[in-house]
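Please treat every number below as a calculation from the coordinates, not as lab data. Only a predicted model underlies this, so the values are computations on that prediction, with no experimental measurement involved. Heads up, the Cβs are rebuilt from the backbone with ideal geometry, glycines too, and the neighbour counts pull from every protein chain shown.
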Amino acid sequence: MWEDNVRKVVPYTPGEQPKVSGLIKLNTNENPYPPAPGVEKVLKEMSVEGLRKYPDPTCSKLVDAIADHYDVPSDRVFVGVGSDDVLAMAFLTFFNGTDEILFPDITYSFYDVWADLFRIPYRQIPLNEDFSINPDDYLAKNGGVVIANPNAPTGVELGFDLVEKIISNNRDSVVIVDEAYVDFGGRSVLPLIDKYDNLLVVRTYSKSRSLAGLRIGYAFGQPKLIKYLSDAKFSFNSYTMNIPSLELGVAAAEDKAYFEEVVSKVVKTREWTKKELKALGFVFEDSKTNFIFAKHESVARDHIFSELRKRNILVRAFNGERIKDYLRISIGTDEEMKTVIAALKEILG
Ligand code: PMP
């Protein structure tokens, strides 16, 4: 019975990537603006002949470009194939004990999948009613802590001091702070890596840098933490990052001005969208991300979802008990969001 020996898992379900064009696609928190112009330039000039060779297993150019961008030493940076890869590697590396790791009940729904995959014991701690995290819930003995901050899919940020409280009270376990959305108005705990050797800060190119298709994620931590992560990576696959990703990733990191411009456009559109949604009777906690997680005060979620879909607007709906009334709406361009608001006005009558 070979099936008895299979590592069985219930996989993560990614948001739909529809095959049809012409949709307003607001279901996976992609950035509506193109990547930095330097990315296109490097792509056009890229040598096909160079693909003959293996990529640099240490990813040193990309690591150095990220280190430069954030003004940290290169030995504090790790890169991977999207932050999913970085996070998976971090779970595998740092959560090898017998105590439960802790993360919220409503958070990135890949965390429990990795924990199951790697047979890591875990406990999901309920968020408060307003979807905030109570740091005191994370002070019990544990095998590790994972916090998405700002959290997804809620969009809610936990204040800097409260994140530090969790890190400083867990010196015997690794605390992963997943900052996938922090560029849209959150405060990063990156400066705390100097102070705490148990902190890993994880970031991505997929949202604020408009490069979800390239698959680049990265992490910051003290050299010892990064070394352990690299040892696990080199025991799994030496060449995780392909040559185009490494080259284009450098070009994106180098253009700080473009990055800031895109982020501020998304933030401005988000603030406009919040006002409009409120006026239409949606309720939501304040979002510091590039999406808004909202429910309508009287109209059923699934009705709104399917009516939007009929109008070629794709948003995301999750099925957990506490979030089954909510829609997660990624922030698109001004024009896209105006179309969404007009459609909602029609739907809500
Ligand atoms: N963390 C969070 C909180 C996310 O929402 C996502 C996006 N699905 C990721 C990590 C992974 O993003 P990526 O692998 O594209 O970097």
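Points worth noting:
- Segment 38-98 versus segment 17-37: alpha-carbon centroid distance in Å: 23
- R0 of 51 Å, Cβ-Cβ distance LYS8-PHE160: FRET efficiency to nearest 0.05: 0.80
- Counting only Cβ charges, +1 for Lys and Arg and -1 for Asp and Glu, the dipole size of segment 32-182 around its Cα centre is about 540 debye.
- Anisotropy class of the chain from Cα gyration tensor, a/c 1.5 cut: oblate
- Principal axis extents of the Cα atoms in segment 206-299, from largest to smallest and rounded to whole angstrom, are 53, 28, 24.
- Subtracting the Cα-Cα distance of LYS310 and ASP71 from their residue separation scaled by 0.36 nm leaves 81.3 nm.
- Between TYR239 and LYS141, the simple spin-label model (points 7 angstrom out along Cα→Cβ) gives 4.6 nm.
- Projecting label points 7 angstrom from Cα along Cα→Cβ for LYS61 and LEU23 puts them 3.5 nm apart.
- Panel order for ARG187, ARG309, ARG215, by other beta carbons found within 10 Å of each beta carbon, from fewest to most: ARG309, ARG187, ARG215.
- Calculated FRET value between GLU260 and MET1, using beta carbons and R₀ = 51 Å, to 0.05: 0.35
- Percent RCO, i.e. relative contact order, over the chain, from Cα pairs under 8 Å lying at least 6 residues apart: 24
- The Cα center of segment 215-239 and the Cα center of segment 120-141 differ in position by 27 Å.
- Only beta bridges with both residues in the chain are counted; by DSSP, about 50 percent of them are antiparallel.
- The number of Lys pairs in segment 46-255 with C-alpha atoms less than 29 Å apart, excluding pairs fewer than 8 positions apart on the same chain, is 25.
- Label zone of ASP105 (point 7 Å out along Cα→Cβ, amide N under 13 Å): in segment 134-168 this covers 134.
- Anchor LYS295: lysines whose Cα lies under 17 Å away (excluding residues fewer than 8 positions away in-chain): LYS274, LYS275, LYS278, LYS324, LYS345
- 18 Å cut-off, amide nitrogen to a point 7 angstrom out along ASN319 Cα→Cβ, residues in segment 101-125: 106-113
- Cα→Cβ-extended label distance, 7 Å offset, between VAL283 and HIS303, nm: 1.7
- Here the chain is treated with +1 on each Lys and Arg Cβ and -1 on each Asp and Glu Cβ, and its dipole about the Cα centre works out to around 680 debye.
- Sequentially through segment 105-111, phi angles give Karplus couplings (6.51, -1.76, 1.60; θ = phi - 60°) of 5, 10, 6, 4, 7, 8, 4 Hz, Gly and Pro residues having no value and appearing as x.
- Across segment 119-131, computed HN-Hα scalar couplings (Karplus, 6.51 cos²θ - 1.76 cosθ + 1.60, θ = phi - 60°) run 6, 8, x, 8, 9, 9, 9, x, 5, 4, 3, 8, 6 Hz from first to last residue, x flagging Gly and Pro.
- Cut-off under 5 Å, modelled amide H: who pairs with ALA212 long-range: ASN31
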